[in-house]
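Below you'll find the structure, written out as structure tokens, and then a few comments.
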Amino acid sequence: LILQNIADEYPEITELTSIGQSVQGRELWIMNISDNPGINEIEPEFKYVANMHGDEVIGRELCLNLIEWLCENYYIDPRATNLINNVDIFIMPSMNPDGFEMGSRYNANGVDLNRDFPDQFEDPSNTTNGRQPETVAVMEWGWEHNFVLSANMHGGALVANYPFDGPYSGNYSASPDDNMFIHLATTYSINHSEMYESNSFSNGITNGSQWYAIFGGMQDWNYIWEKDFDITLEQSDEKWPNSSELQQFWEDN
Ligand code: GEM
Ligand code: ZN
């Protein structure tokens with residue numbers, strides 16, 4: 001409803017579409033914000049995906065806030081204007097709306113969507129066979145675009161995590177673009193009010209595998225198969241905070 005209202009209010013710069021349905025039939029909404037929404041321009045394509053873990057809700061709220069901020073500030077704030085005119089922006093506030101309704105990490109089939117993507121070590125076939133509807137929708141959405149930069153938003157820690165996410169827990173697993181990823185992750189953490197200084201991770205960033213290995217994560221799929229520089233933003237130690245704290249999370253992030 002919030003998304004529909006914004007799309008109605010700003011038809012010149014938004015296009016709201018669904019890329020599929022969840023297990024329980026909820027629409028998987030994405031908002032395109034652009035000076036020419038819905039049109040493939042010669043501009044870099046960027047995306048944010050949040051709430052793939054249904055019980056990690058801050059990113060979902062931040063996405064809604066960001067959509068609102070961008071639209072309200074077009075030709076008011078030069079940053080918003082510049083982004084909308086020169087980047088093709090896509091925002092998916094919830095990849096797992098069923099999990100959100102259930103207050104669960106998993107989708108309605110009990111699957112962790114951040115273990116359901118093709119994986120370079122354990123499942124290197126870039127097909128949708130046997131995957132969850134939410135995963136299939138995001139993969140097919142990726143195939144229709146040329147995303148070059150993106151992030152997926154999580155909660156439960158405070159760190160910017162970058163590829164590779166495996167294979168050996170505790171061992172640094174550098175991608176060929178390690179310096180680029182360190183730059184991207186640090187750009188997020190240093191601009192965050194607490195992430196860079198927090199004691200748990202040096203400079204508020206971590207290599208995924210060094211932290212702990214996961215297989216079938218979305219981040220590495222984006223990088224390996226989509227050539228999309230994707231990082232994983234852990235935005236709060238608390239997964240489901242009181243709504244009174246949301247304004248602070250917006251400022252922090
Ligand atoms: C993580 S996501 C990022 C962590 N990646 C690695 N390699 N440690 C997950 O999916 O387990 C945490 C989360 O759910 O937020
Ligand atoms: Zn998560």
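Report the rotationally averaged projected area of the chain based on its alpha-carbon convex hull, in square nanometres.
Mean projected area of the Cα convex hull: 12.9 nm².
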Expressed as a whole percentage, what fraction of the accessible surface of the chain belongs to carbon and sulfur atoms when a 1.4 Å probe is rolled over the protein heavy atoms?
-> 48 percent
Qualifying chymotrypsin sites (Phe, Trp or Tyr not before Pro) for region 138-193 [loop in DSSP, other Cβ within 10 Å: at most 13] = Y168, Y172
Pairwise centroid distance, computed over Cα atoms, of region 198-249 with region 51-121, Å | 13 Å
Which residue fluctuates the most in the chain, going by a Gaussian network model with Cα springs under 10 Å, if the choices are I58, I84, I205?
-> I84
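Counting only heavy atoms of the protein chains, get the accessible area per residue of the chain (1.4 Å probe) and round it to a whole Å² value.
Spelled out: the 1.4 Å probe surface of the chain, per residue, equals 45 Å².
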Amide H contacts under 5 Å for A213, placed H, 5+ residues apart = S169, G170
Helix-only CD estimate at 222 nm, as mean residue ellipticity for the chain, using -39500 (n - 2.57) per DSSP H run (n ≥ 4) | -9500 deg cm²/dmol
In the neighbourhood of I6 defined by beta carbon distances under 10 Å, the net charge of the other residues (Lys, Arg +1; Asp, Glu -1) is -4
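The values are calculated or read from the model by the stated rules, or taken from the named source; none is laboratory data. Only a predicted model underlies this, so the values are computations on that prediction, with no experimental measurement involved. Cβ atoms come from the backbone with ideal geometry, glycine included; neighbour counts cover every protein chain shown. When the accessible area is computed, the model is the full protein with side chains, heavy atoms only, and any ligands, DNA or RNA have been set aside. Shrake-Rupley method; radii C 1.70, N 1.55, O 1.52, S 1.80 Å.
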